[in-house]
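Q: Here it is, the structure, as structure tokens.
We did not get these values from a lab; they are worked out from the coordinates using the rules stated. What you see is a predicted model, and the numbers here were worked out from it, not measured in a lab. Because the Cβ atoms are built from the backbone with ideal geometry, glycine has one as well, and the counts that use them run over all protein chains shown.
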Amino acid sequence: RDPLDLQTMLAAVATATLGWQAGATSSLVAGPVAGRSPLRAAVRALVDDKAEVEEYFNNVGFERWNKIYSEDGEVNKVQLDIRTGHGITVEKVLGWVDQDGTAKAGETFCDAGCGVGSLAIPLATRGATVIASDISEAMQTEAAQRAAAAGVAERTTFSTSDLENLSGKYDTVTCIDVMIHYPPEKMAEMVKHLGSVADKRLIISFAPDTWYYRGLKAFGGLFPGPSKTTRAYLHPEESVVNALLASGFKLERTEMTGTNFYFSRLLEAVRVEA
């Protein structure tokens, strides 16, 4: 087996979920740096994480994941499994949207961490107005080109932005396979901010923190490599649900997608009427 394929496989298992942003080359190191205060280390870690993610997905990560998320892109078996898993998650989101008819009704969607438009474009083809963003300029540029090719450029807007700088108000906010790049101590704040721009509904996915996935993550961390460029974080489901409740939402529907190398917990939360 090609060493890169092996590293991709192990990192894919270890990161526990691999959507648009969950790089197959994630380094699995988290926590305070020795000799620094916990607060300073947490702030530095967040800044470092964002810089690493932006750098990775504007360069080698973009090339790799653009290929994975292209139906005609040549990929290995592990990458094909990841493509399949991510596609299943996207289809589950679209299934919810189709059931309630919100896209067909022309409601507004904010797709935070849109990648190459795997979710944003199908939403637009269903009639939704989609405002999508990604921390990677290369990713959102590719998404805009794909939207134009799909004939939905007039219903989509793409920009470069991280989660913290999202603004505006939307009927639904989606954030799929992005939370893996935010440490647990920042998760509640990110959920709160995403909720602040969602008028009706928030749909998010994350890598669940269970003993099984922690074991896989630790196992993957035993295999060092120069291309491991982004950290990966698991999140306890209870913590994510509590953050949603604290932000004025209630849990509506849940799903779990698990293939050989892709694991993603999907939650739909709706705003509680005052």
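Q: Given the Cα-Cα distance of residue 250 and residue 76 and 0.36 nm per residue of separation, how much length would full extension add, in nm?
A: Numbers: separation 174, 0.36 × 174 = 62.64 nm, distance 3.99 nm.
My answer for the length gained is 58.7 nm.
Q: Would you calculate the separation in nanometres between label points at residue 154 and residue 100, each defined as 7 Å from the Cα along the Cα-to-beta-carbon direction?
A: 2.7
Q: Pairs 92/169; 77/104; 77/250; 67/92; 92/200: which exceed 28 Å Cα-Cα? Provide the component values of the computation, followed by the final result.
A: Numbers: 92/169 24 Å; 77/104 36 Å; 77/250 38 Å; 67/92 22 Å; 92/200 19 Å.
Flagged as over cut-off: 77/104; 77/250.
Q: When a/c is below 1.5 the answer is rounded, else prolate if a/b is larger than b/c, else oblate, so apply that to region 93-194 with a ≥ b ≥ c taken from the square roots of the Cα gyration tensor eigenvalues.
A: Note, shape of region 93-194 comes out oblate.
Q: On full extension of the chain, what length is gained from residue 237 through residue 165, given 0.36 nm per residue of separation minus the C-alpha to C-alpha distance?
A: Answer, rounded to one decimal: 23.5 nm.
Q: Would you please put 106-116, 197-207, 138-148 in order of how densely packed they are, using the mean number of other Cβ atoms within 10 angstrom per residue and starting with the highest?
A: 106-116, 197-207, 138-148
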